[in-house]
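Peer 1: Just passing along the structure, written as structure tokens.
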Amino acid sequence: MRHVAVIGSGPAGYYSAEALQKHYGADVSIDMIDRMPVPYGLIRFGVAPDHQSIKAVSKRYEKVALSDNVRFVGNVTVGQDVSIAELQELYDAVILATGAPNDRPLEIPGSNLPGVIGSAAFVGWYNGHPDFAELAPPLDAGAAVVIGNGNVALDCARILSKTRHEFEGSDIVEHALQALDLSAIRTVTILGRRGPHQIAMTPKELGELGHLEVSAPVVEGADFPPLEADEALDPGHRKSITILREFAATEPDAAKPKRMVFDFFAKPLRIEGQGRAERVIVERTTLDETGAARGTGETYDVPASLVITAIGYSSPRMDGVPYDDRGGKFRNDDGRIADRLFAVGWARRGPTGTIGTNRPDGYEVAELVAAQMPPGTTGTLPGAEGLKRLLNERGVMPTDYDDWRKIEETEVGRARPGSPREKFVRPEDWLRALGR
Ligand SMILES: Cc1cc2nc3c(=O)[nH]c(=O)nc-3n(C[C@H](O)[C@H](O)[C@H](O)COP(=O)(O)OP(=O)(O)OC[C@H]3O[C@@H](n4cnc5c(N)ncnc54)[C@H](O)[C@@H]3O)c2cc1C
């Protein structure tokens, strides 16, 4: 028997566990340790609440989660309740699947003004992440800016633009729904330093913007290169550009009171305001021969009392684990950090790709583990029993998968007809659901 600790129960953690089971069968015991009392990482706390079909991916992890040799150990923060060095004394291998939860900072003057919020915080707020329950984003003025040209930027802009009615069937948390219902925001401007061809937005996410109830997309036709240039793009990307071209060719629906403005070739220089964000000062850019954005010197103001930065994420450091400052992730060699210590998913490669991209990562890391301790060999370390003892001594009360099912059933049971599912947001709510 071999004991493996996987830290983080997001997609990368589950794919790693699935792959380890394929290598070792019943001869491995896997503990999935997570700081949250519930599993699935960004599937619960990141993926947009109005994209339920994507959130349903977590059902695919249930087979692994419910198998006899996989144990969910929630409510345990590695680095706080237990250290990596301690885990290495208990387990034959330790896999870091901790994701990249920190917002990359926008390093321009004014980025620390109230009203400037990272997308991790904003997304966490509407998805019920306990760290952001008290965020209270300012929605009291007419305009917001989202900085970034990826799908996370689109998620933030879309959530700001939807009506209560459009959230039916979602699992947006009630505090966010109520605040958005009262929101005064009428214009959301999405700023991108480069042009339409450089976006990292996918067709499905762009396409739905054409069908919002009260908001219409606004795209400038002059921002596009000649149509023939689209032929060099890969098919998915070309589809995204085609959708943007369609938006540019269509007069925004006058019956819709809100606008989502795509401002390309727009580099934020600074954020200004009296005691809070009021406007973003933007420089018009052009692409140089290498494809980089170059400032033209022409500047203009974009009003915004809420500025959301969606410009990437990084992993927090962990004591004793080498860190790659530039990449914002653990320093690793194709997943190997050190002897018996590995990284997978966003903690390994940074915040790129879809949920599915983490699957090959998980399979690769399992190969590395299997190469280091071939299936059929046995170890002497105590694994789960040792961790239970240690957490018990420290008064840490982990949650297990049955607890998660109980929490989920309670959440579903509390839903009112016509309202989104009511999610638990604060740790005390979770514990109350468990009768603790
Ligand atoms: C806003 C947003 C929307 C997205 N939407 C989509 C989408 O629609 N479709 C799609 O395909 N992809 C989407 N993605 C990408 C997808 O969520 C990621 O590819 C995936 O979640 C990365 O998996 P992971 O397991 O590496 O990290 P995560 O999912 O972040 O999981 C990391 C886990 O580690 C735990 N953890 C962290 N630190 C510790 C610690 N010290 N101790 C214990 N546990 C810890 C966390 O609680 C978390 O459960 C989205 C991402 C974001 C940010």
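Peer 1: Mind jotting down the distance between the C-alpha centroids of the stretch 95-160 and the stretch 21-55, whole Å?
Peer 2: 23 Å
Peer 1: Now for a different question. Go ahead and estimate [θ] at 222 nm for the chain from helices alone: -39,500 (n - 2.57) per DSSP H run with n ≥ 4, summed, over the residue count, rounded to 500.
Peer 2: Working: 15 runs with 130 residues, N = 436.
Only helices count here, giving -8500 deg cm²/dmol.
Peer 1: Please work out whether the chain counts as rounded, prolate or oblate from its C-alpha gyration tensor, where a ≥ b ≥ c are the square roots of the eigenvalues and a/c under 1.5 means rounded, while otherwise a/b larger than b/c means prolate and anything else oblate?
Peer 2: prolate
Peer 1: Please state the charge dipole magnitude for the stretch 43-177, taken about the Cα centre, from unit charges on C-beta atoms (+1 on K and R, -1 on D and E), reported in debye and rounded to the nearest 20. It would help to have the intermediate numbers written out before the result.
Peer 2: Values: 10 positive and 17 negative charges, 98 e Å.
The calculated dipole for the stretch 43-177 is roughly 460 debye.
Peer 1: Next question, about the same structure. Report the label-to-label distance for D324 and R389 in nanometres (one decimal), using points 7 Å from each Cα along the Cα→Cβ vector.
Peer 2: 3.7 nm
Peer 1: What full-extension length gain, to one decimal in nm, is calculated for E231 and S53 as 0.36 nm per residue of separation minus the Cα-Cα distance?
Peer 2: Working: separation 178, 0.36 × 178 = 64.08 nm, distance 3.11 nm.
Extra length available between E231 and S53 comes to 61.0 nm.
Peer 1: Mind checking which of E107, E228, E278 has the largest fluctuation in a GNM of the chain, springs on alpha carbons under 10 Å?
Peer 2: E228
Peer 1: Below 14 angstrom from the Cβ of L66, what's the summed charge of the other residues (Lys, Arg +1; Asp, Glu -1)?
Peer 2: On the way: positive: K59, R60, K63, R71, R405; negative: E18, E62, D68, D400, D402, D403, E408.
Charge balance in the 14 Å sphere: -2.
Peer 1: Let me ask something else. What FRET efficiency would be calculated for the residue pair A26, H165, taking the C-beta separation as r and a Förster radius of 60 Å, to the nearest 0.05? Intermediate values should be presented prior to the final figure.
Peer 2: Working: r = 50 Å, r/R0 = 0.83.
Plugging the Cβ-Cβ distance into 1/(1 + (r/R0)^6) gives 0.75.
Peer 1: Additional query: Rounded, prolate or oblate, given the Cα gyration tensor of the stretch 306-396, with a/c below 1.5 counting as rounded?
Peer 2: Judged from the Cα gyration tensor, the stretch 306-396 comes out oblate (a/c at least 1.5, b/c at or above a/b).
Peer 1: If you wrap a convex hull around the Cα atoms of the stretch 178-294, how much volume per residue is inside, in Å³?
Peer 2: Spread over its residues, the Cα hull of the stretch 178-294 gives 130 Å³ apiece.
Peer 1: Which one, A179, M318, G350, is farthest towards the positive end of the dipole of the chain when Lys and Arg carry +1 and Asp and Glu -1 on their Cβ?
Peer 2: A179
Peer 1: So if we plug the beta-carbon distance of A255 and Y300 into 1/(1 + (r/R0)^6) with R0 = 30 Å, what FRET efficiency do we get, rounded to 0.05?
Peer 2: Working from the Cβ atoms, E equals 0.60.
Peer 1: Using alpha-carbon positions, what is the distance between the centroids of the stretch 360-434 and the stretch 200-263, in Å?
Peer 2: A separation of 41 Å, based on Cα centres.
Peer 1: Let me ask something else. Given the options D27, D171, D103, which has the most mean-square fluctuation in a GNM of the chain, springs set between C-alpha atoms less than 10 angstrom apart?
Peer 2: Most flexible of the set in this elastic network: D27.
Peer 1: Expected output is a single nm value to one decimal: the length gained when fully extending between K204 and R60, i.e. 0.36 nm times separation in residues minus the C-alpha distance. What is it?
Peer 2: In short, 49.7 nm is gained.
Peer 1: Can I ask one more? In the chain, with Lys and Arg counted as +1 and Asp and Glu as -1 at Cβ, which of these residues, L227, A144, V38, has the Cα nearest the positive end of the dipole, that is, farthest along it?
Peer 2: Working it through, the farthest residue towards the positive pole turns out to be V38.
Peer 1: Report the extension gain between A338 and K239 in nm, rounded to one decimal, defined as 0.36 nm multiplied by the number of residues separating them, less their alpha carbon distance.
Peer 2: Result for the pair: 31.4 nm of gain on full extension.
Peer 1: I need the calculated FRET efficiency for the pair D288 and R331, taking r as the beta carbon distance and R₀ as 35 Å, to the nearest 0.05.
Peer 2: 0.65
No value in this document is a laboratory result; all are computed from the given coordinates. Keep in mind that this is a model prediction, so the values were computed, not measured. Using ideal geometry, Cβ is built from the backbone for each residue, glycine included, and neighbour counts are taken over all protein chains shown.
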